[in-house]
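Peer 1: Structure provided below as structure tokens; questions to follow.
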Amino acid sequence: MSPRSLPPAILASTVALAVVAGPLAVSAQARDGGGNGGNSGNGSFIAGTGLPPKSPIDEDKDDKDPKDPKGPKGPKGPQDPKGPKDPKGPKEPDEELEGSYEGELVTTLADISKKPTAQPLTAFELPFPCGEVWTGTTRASHSPSARSVDFNRTDDLGAPVVAAAPGVVTTAVTGKNRPSYGQFVVVDHGNDESTLYAHLDSVTVTVGQAVSAGTQLGTVGNTGNSYGSHLHFEERLGSSVIDSWFHGLRYVYGTAQASENCGVVSIPDVPLAGNVVGGKRAELVVFRRTATPAFYVRREPKADKVIRMGTSSDQPVLGDWDGDGKATPGVRNPQSKTFRLKTGRIITEVKFGGRSDNAIAGDWDGNGLWEIGTRRATSNVFLLRAADGTKTKVRLGDMDDLPVTGDWDGDGTTDLGVYDSATATYTLRLVDPAGVETLTQVVLGVPGDLPVVGDWDANGTTDLGIWDPDTATFSMRKAVKPTKKGPAKTHRVRFGNGR
């Protein structure tokens, strides 16, 4: 189509250039001096609690969060045969916090039991690439629990850290001057089981991203309350740290063990849907995080339509930016906080939101032109940008919820919602002409599924769906209204790359 004049909703600098996808800018290798992961030992387990940084110092002045409190400290203590000695004295940040705290806050229950914990249901492997040999240690004073493991090997700074099992990223914290865990990642594996990877030198995943066993999460570092490069690792059941098991065996501290995390590693797609081709029915779309990222639009029986755009760390969105009735791609870079919206050959850039925000889009005022927005997990606040640049805040959901937008009642205005992947539950928000808010919950899918919404039956209202990252299967629920509970027809299509 010929490019139209840009609407006020996305007024910003424009670049009339074809999009060139950026390469994956992550390269991790074991180099530089190996540090201290702390002392190991078989001392008694102690009571302890750990509270990592609560929230970021964000550059969005309208919604600042307080600085992080100090939390669990890293390795510290006397010389031990199974771990080198730590230097004394705390390491204080010398500048303002940077980066972002995205996802759930992590709390840890006191560990007062000396009894071994049961084998987890999840089949965990060492959090390192296949064949690498690492040694883990602990100590009685290890915070937040002596069941935590500090992994080391020679020259370990910058070495890749990978997911110990398949799951969904629920927390991803960046900012090298953060105290406590420093830069860290939490992966939810279902069954109330999760893993935590702390003191990372870099973080290479985002909240809501599905990962397979062996997917790189970041690199070994020395951030936070740490006194030498190492990986602080926890297997968790609810809010409790439990004994670590790898390859079906309880880990023995001080043992050098080779990683058997040797499965085929894939980076799952990001599921979306939208009226990209031009009909009334929404098409299935996936965003593929490869070295040359692209949107893939399903056009059965025709070949998929491929639209190359963005980088592997960008957040994808779809929207009708010029009001022509078709959805076109957009991406948001969390670090620069910049949306890039595609209309024909024109790319429009808009800086909006904070680094920890998730990108959303919708027609907030029902005028046919889509605008951008974000949702901040740390405060559960949707921030909607109007055509004139003004912002509206709406609080909805919990920290671990994923944002969704759609026209739940068919009035032409985009409504808000969230999806709790842990309980497979949508919460949909509607506001009547009098300003009265109504929340409706709809259970769809199973824990671990990811949300995707679209008008599956071309009736003018947005329907609900889910995408199974294990099988790359879309399940599209067709009801009279998405807020209507009870049985509804579900159509399943396999599309995209799972984990």
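The values are calculated or read from the model by the stated rules, or taken from the named source; none is laboratory data. Quantities reported herein were computed from a predicted structural model and do not represent experimental measurements. Quick reminder, even Gly has a Cβ in these numbers, built from the backbone with ideal geometry, and neighbours come from all protein chains shown.
Peer 1: Only residues that are at pLDDT below 90 and surrounded by 19 or more Cβ atoms within 10 Å (Cβ to Cβ): list them for the range 287-310, please.
Peer 2: Selection gives 289 alone.
Peer 1: Quick one: which of 465, 445, 496, 454 is over 24 Å from residue 326 (Cα atoms), crowded, with 19+ Cβ neighbours inside 10 Å and under 25 Å from the mean Cα position of the chain (by Cα)? Before the answer, list the steps.
Peer 2: Working: 465 fails: over 24 Å from residue 326 (Cα atoms); 496 fails: over 24 Å from residue 326 (Cα atoms); 454 fails: over 24 Å from residue 326 (Cα atoms).
From the options 465, 445, 496, 454, the qualifying one is 445.
Peer 1: Show the residue pairs that are 6+ apart or on different chains and have beta-carbon atoms under 6 Å apart, the first residue being within the range 275-286 and in the same structural domain as residue 320 (by TED's automatic domain parsing) and modelled with pLDDT of 90 or more, the second being among the polar types (S, T, N, Q) and surrounded by 15 or more Cβ atoms within 10 Å (Cβ to Cβ).
Peer 2: 282/275
Peer 1: Is it the case that the range 349-367 has a residue that's part of a strand (DSSP E or B), over 19 Å from residue 418 (Cα atoms) and not basic (Lys, Arg)?
Peer 2: So far as the range 349-367 goes, yes, one or more of its residues are part of a strand (DSSP E or B), over 19 Å from residue 418 (Cα atoms) and not basic (Lys, Arg).
Peer 1: Scan the range 371-380 and give yes if some residue there is farther than 24 Å from residue 102 by Cβ, crowded, with 19+ Cβ neighbours inside 10 Å and in the same structural domain as residue 421 (by TED's automatic domain parsing), otherwise no. Walk me through how you get there before you give the answer.
Peer 2: Step one: of the range 371-380, the residues farther than 24 Å from residue 102 by Cβ are none.
So far as the range 371-380 goes, no, none of its residues is farther than 24 Å from residue 102 by Cβ, crowded, with 19+ Cβ neighbours inside 10 Å and in the same structural domain as residue 421 (by TED's automatic domain parsing).
Peer 1: Turning to a different aspect of this structure: Out of everything in the range 389-414 that is surrounded by fewer than 17 Cβ atoms within 10 Å (Cβ to Cβ) and acidic (Asp, Glu), what residue ends up being nearest to residue 275 (Cα to Cα)?
Peer 2: Looking at residues that are surrounded by fewer than 17 Cβ atoms within 10 Å (Cβ to Cβ) and acidic (Asp, Glu), I get 411.
Peer 1: I'd like to check something: does the range 107-114 contain any residue that is β-branched (Val, Ile, Thr), within 15 Å of residue 234 (Cα to Cα) and touching a Pro at 6+ places or on another chain (Cβ under 8 Å)? Lay out the reasoning, then the answer.
Peer 2: So the first thing to find is which residues in the range 107-114 are β-branched (Val, Ile, Thr), and the list is 107-108, 112.
Of the ones still in play, those that are also within 15 Å of residue 234 (Cα to Cα) are 107-108.
Filter again for touching a Pro at 6+ places or on another chain (Cβ under 8 Å), leaving 108.
The answer is yes, given that some residue of the range 107-114 is β-branched (Val, Ile, Thr), within 15 Å of residue 234 (Cα to Cα) and touching a Pro at 6+ places or on another chain (Cβ under 8 Å).
Peer 1: Taking the criterion of being aliphatic (A, V, I, L, M), under 19 Å from the mean Cα position of the chain (by Cα), modelled with pLDDT under 95 and part of a loop (DSSP other than H, G, I, E, B), would at least one residue in the range 372-384 satisfy it?
Peer 2: yes
Peer 1: Against the condition outside the structural domain of residue 403 (by TED's automatic domain parsing) and hydroxyl-bearing (Ser, Thr, Tyr), how does residue 259 come out, does it pass?
Peer 2: The answer is yes for residue 259.
Peer 1: Exactly one condition in (1) surrounded by 23 or more Cβ atoms within 10 Å (Cβ to Cβ); (2) under 30 Å from residue 148 (Cβ atoms); (3) within 20 Å of the chain's Cα centre (by Cα) is not met by residue 244; state its number.
Peer 2: Against the list (1) surrounded by 23 or more Cβ atoms within 10 Å (Cβ to Cβ); (2) under 30 Å from residue 148 (Cβ atoms); (3) within 20 Å of the chain's Cα centre (by Cα), residue 244 comes up short only on (3).
Peer 1: While we're looking at this one, here's another question. Name the single residue, out of those in the range 195-212 being farther than 15 Å from residue 174 by Cα and touching a Leu at 6+ places or on another chain (Cβ under 8 Å), that is modelled with the highest pLDDT.
Peer 2: 211
Peer 1: Which of the numbered conditions does residue 232 fail, given that it passes all the others? Conditions: (1) crowded, with 19+ Cβ neighbours inside 10 Å; (2) under 16 Å from the mean Cα position of the chain (by Cα).
Peer 2: It is condition (2) that residue 232 fails.
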